Every structure is written in structure tokens, then in C-alpha cells.
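Notes for the one structure printed next.
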Amino acid sequence: MSDLDDRGEVSVVSPAAVRGAGVPAWAGEVRCVAVDYGGVLDLPVQPDDGASTPGLGYEGFLAANLGADARRLDARRSDSSPVDPAAAEAVRALVRNGLAVLVASNTLPDRLCDRRLDQAGIRGLLLAVIQSHVIGVRKPDPEFFATIAEVADAAPRHCCYVGNRIETDIVPALAAGMRAVLIAGPADRGALEEQVPTRVPVLGHLRELPALLGRRPRGER
């Protein structure tokens, strides 16, 4: 069931209220975790001034900065930003806890993330890697999220999408009947305060997700 109100609109709650509520009631129902790449798995981008952009990976940085600076940065990069080692460890922990994990992300031509996942040592742990440039459909298209459930061979309510953007990650995941978790660093959280859908946990980093979702009994997936 998606988190829509009686008018068919997504209701909102402050991140502080969500974080204070503890483990969500649906956490134990999740069997598959689909993780975005940019802004969730990858290291923060380093713009020309040397300052990192918290909570915003390479693809996310380009999406938020579609001007000349983004094009210059794009020209210098040959593939996706590297995987954050702490995020890679979170993926390992999720798998150890009995959850199926896949990566599902909008990708740019020549920015596919398979090589980075191999380098991080987690590609072999993943159920699948769903990349928009390969499948021909991008978030927030409902077909993108339907593909996740199909690949996971799971009902949408047993899937949890983890992203860093409300409109392209969280809202369409909920509309598809999935659970959702928002990754938002301290610099982003204030701006998102009035937009976060009800019952969507807000985490500062993917490393917090294994504790949120917990461990599955052996043989249960």
C-alpha cells in the first residue's frame, strides 16, 4: 500500500518526526532493497572549488546543476563516481541480514556503474543492477519501479527503494506500492522538511539502513 491520503495525494511530515518514530512498522516486511547509485552509493562529488556536495553524488550533482559548470565536470569524467566504502559495507550488512539487494538508478551514456561496483567488491552480492540507459526507461516512470519488483520477484510492498530525491525516487516508489527511505545529509534536510512523505524514514547515510530494517530469519527472503 502506498502512503497516499484519501485525496490520492502524498501526505507529508517533518523529517524530525520520522526520525523520532524509530523503526517503521513495515520494516519487517521488506525482502528486497533497491538502492539508487548517485547520491546514495557513491562518494560526494568534488566541484571545481574543491568543496564537496553532501548527499549529492555525481549523477545527482549533474541533475541539480544543468549549466556550464555541470557540463565541464561531465567532460572530465569517464564513468560514475566511485562507491563510498561505508555504503559498500552497508550493502554487505544488508545481505548478511538476509535481504536481497539490487542497484536501480538513472544512468547517463558512458556513465554505467558496473565497473565501480566491481571495484568496490559488491557487484557479486547484488541481485541485479538496473540502469535506465540500458533498459530504456528512467525514474520517475512507473515502469522503472515495476521493473524493480519484477526483477526481485517480489510484491511491491516487500520492496524498499532507497533514494536521495523526493520527486524522482520517493514519491514514485510509494505510488508503485513500495516502501521508501530517503537519504539526506544535514545540508539537505532543512530544505526537505515540508516535503517528506509520511512514514518515510530519513537517514543521513546508507550505513544507517541495516539497523533500520533489521535481520531476516535464516531461509526467509
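The values are calculated or read from the model by the stated rules, or taken from the named source; none is laboratory data. This one's a predicted model, so the numbers in the text were calculated from it and none came from an experiment. Reconstructed Cβ throughout: ideal geometry from the backbone, glycine too, with neighbour counts over all protein chains shown.
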- Message: Just checking, does segment 126-133 include any residue being hydrophobic (A, V, I, L, M, F, W, C), out of contact with any strand residue (DSSP E or B) (no Cβ under 6 Å at 6 or more places or on another chain) and in contact (Cβ under 8 Å) with a residue 12 or more places away in the chain?
- Response: no
- Task: May I ask you to list pairs of residues, at least six apart or on different chains, whose Cβ atoms are under 6 Å apart, with the first in segment 88-116 being over 17 Å from A128 (Cβ atoms) and the second being of a type in the set (S, T, N, Q) and buried (at least 18 other Cβ atoms within 10 Å of the Cβ)?
- Result: R111/S80
- Test result for A191, more than 13 Å from the chain's Cα centre (by Cα), part of a helix (DSSP H, G or I) and at pLDDT 95 or above: no
- Message: Condition (residue is in a helix (DSSP H, G or I) and over 17 Å from the mean Cα position of the chain (by Cα)) applied to segment 156-170: is it met by at least one residue?
- Response: no
- Task: Taking P140 as meeting all but one of (1) touching a helix residue (DSSP H, G or I) at 6+ places or on another chain (Cβ under 6 Å); (2) closer than 19 Å to E29 by Cβ, write down the number of the exception.
- Result: (2)
- Of the conditions (1) crowded, with 21+ Cβ neighbours inside 10 Å; (2) at pLDDT 95 or above; (3) of a type in the set (G, A, S), the single one that A184 does not satisfy is (2)
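I'm checking my understanding of the structure. Among residues of segment 126-147 that are of a type in the set (V, I, T) and within 14 Å of the chain's Cα centre (by Cα), which one is surrounded by the fewest Cβ atoms within 10 Å (Cβ to Cβ)?
Out of the qualifying residues, it is V129.
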- Filter segment 92-108 for residues that are in a loop (DSSP other than H, G, I, E, B) and buried (at least 21 other Cβ atoms within 10 Å of the Cβ); the one that is farthest from the chain's Cα centre (by Cα) is L99
- Consider R111 against the criteria (1) surrounded by 22 or more Cβ atoms within 10 Å (Cβ to Cβ); (2) under 26 Å from E29 (Cβ atoms); (3) of a type in the set (K, R): it satisfies all of them except one. Which criterion is unmet? (2)
- Could you say whether any residue in segment 84-91 is outside any helix (DSSP H, G or I), among the aliphatic types (A, V, I, L, M) and surrounded by 17 or more Cβ atoms within 10 Å (Cβ to Cβ)? no
- How many residues are over 17 Å from I148 (Cβ atoms), without any contact (Cβ under 8 Å) to a residue 60 or more places away in the chain and out of contact with any helix residue (DSSP H, G or I) (no Cβ under 8 Å at 6 or more places or on another chain) if we restrict to segment 166-207? 3
- Please tell me if E150 is acidic (D, E), surrounded by fewer than 18 Cβ atoms within 10 Å (Cβ to Cβ), free of Cβ contacts under 8 Å to residues at least 12 places away in the same chain and not in a loop (DSSP other than H, G, I, E, B). yes
